[in-house]
1. Just a yes or no: is a residue in segment 76-85 modelled with pLDDT of 85 or more, open to solvent by less than 50 Å² (accessible area, probe 1.4 Å) and assigned to a loop (DSSP other than H, G, I, E, B)?
2. Kindly provide the set of residues from segment 3-36 that are surrounded by fewer than 17 Cβ atoms within 10 Å (Cβ to Cβ) and among the β-branched types (Val, Ile, Thr), ordered by number.
3. Can you tell me which residues in segment 32-53 are of a type outside the set (Val, Ile, Thr) and touching a strand residue (DSSP E or B) at 6+ places or on another chain (Cβ under 8 Å)?
4. List the number of the failed condition for Val39; all other conditions in (1) surrounded by fewer than 17 Cβ atoms within 10 Å (Cβ to Cβ); (2) aliphatic (A, V, I, L, M); (3) not in a helix (DSSP H, G or I) hold.
5. Among what's in segment 45-60 and is closer than 18 Å to Cys85 by Cα and assigned to a loop (DSSP other than H, G, I, E, B), pick the residue that is farthest from the chain's Cα centre (by Cα).
6. Output the number of the condition that Glu56 fails; it satisfies all remaining conditions of (1) touching a strand residue (DSSP E or B) at 6+ places or on another chain (Cβ under 8 Å); (2) modelled with pLDDT under 85.
7. Within segment 42-63, count every residue that is buried (at least 16 other Cβ atoms within 10 Å of the Cβ) and either within 16 Å of Asn93 (Cα to Cα) or of a type in the set (Gly, Ala, Ser) (or both).
Amino acid sequence: MSQPRITFIIPCHNIEEDGYIIRCIESIRRTNPKADVIVVDSDSPNRSYINKIDAEVLDIHNRNYAWGAYWQGYRHKRGSDLYVCIHDSTVVNYEVKVEEWSEYLATPLSWFRENRNPTYEEIRLGCVNTQNVR
């Protein structure tokens, strides 16, 4: 029996030299070294991260936020047994196993009360609890 294929899909809008995305990818490679990793770049103003990560980057100038990025990643890498859609500030601390996924399902969430796009600072502050996802 072949090993199940797992694909991580990560939307990214990077503005810092060493942004969250680098830690995110490093954590996936440490805990899930055989997984496919796709970063969907959302027209990042700072693209220096691309040469610092071990992942495939879809440079599609995504402007459809996270859901648009997840959809693009799925369309690009069909045939996986499991798609893990996470935020670029997430640090993955455990191996993701297809057979256990329903038991350890976790999704970092942010929500906003107003009908508007959140600022970068609001998103950054809203993601402080994503450091220990299991």
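The values are calculated or read from the model by the stated rules, or taken from the named source; none is laboratory data. This structure is a prediction, so every number in the text was calculated from the model and none was measured. Virtual Cβ from ideal backbone geometry, glycine too; neighbours counted across all protein chains shown. Heavy atoms of the whole protein, side chains included, go into the accessibility calculation; ligands, DNA and RNA do not. Shrake-Rupley method; radii C 1.70, N 1.55, O 1.52, S 1.80 Å.
1. So far as segment 76-85 goes, yes, one or more of its residues are modelled with pLDDT of 85 or more, open to solvent by less than 50 Å² (accessible area, probe 1.4 Å) and assigned to a loop (DSSP other than H, G, I, E, B).
2. Hits for segment 3-36 are Ile15, Thr31.
3. Once the filter is applied, which keeps residues that are of a type outside the set (Val, Ile, Thr) and touching a strand residue (DSSP E or B) at 6+ places or on another chain (Cβ under 8 Å), segment 32-53 yields Asn32, Lys34, Ala35, Asp36, Asp41, Ser42, Ser44, Arg47, Tyr49.
4. Condition not satisfied by Val39: (1).
5. So the first thing to find is which residues in segment 45-60 are closer than 18 Å to Cys85 by Cα, and the list is 53-60.
Next, only the ones that are assigned to a loop (DSSP other than H, G, I, E, B) stay: 53-55, 60.
Details: Ile53: 13, Asp54: 13, Ala55: 11, Ile60: 16 Å.
Out of the qualifying residues, it is Ile60.
6. Every condition holds for Glu56 apart from (2).
7. The number of residues fulfilling the criteria is 3.
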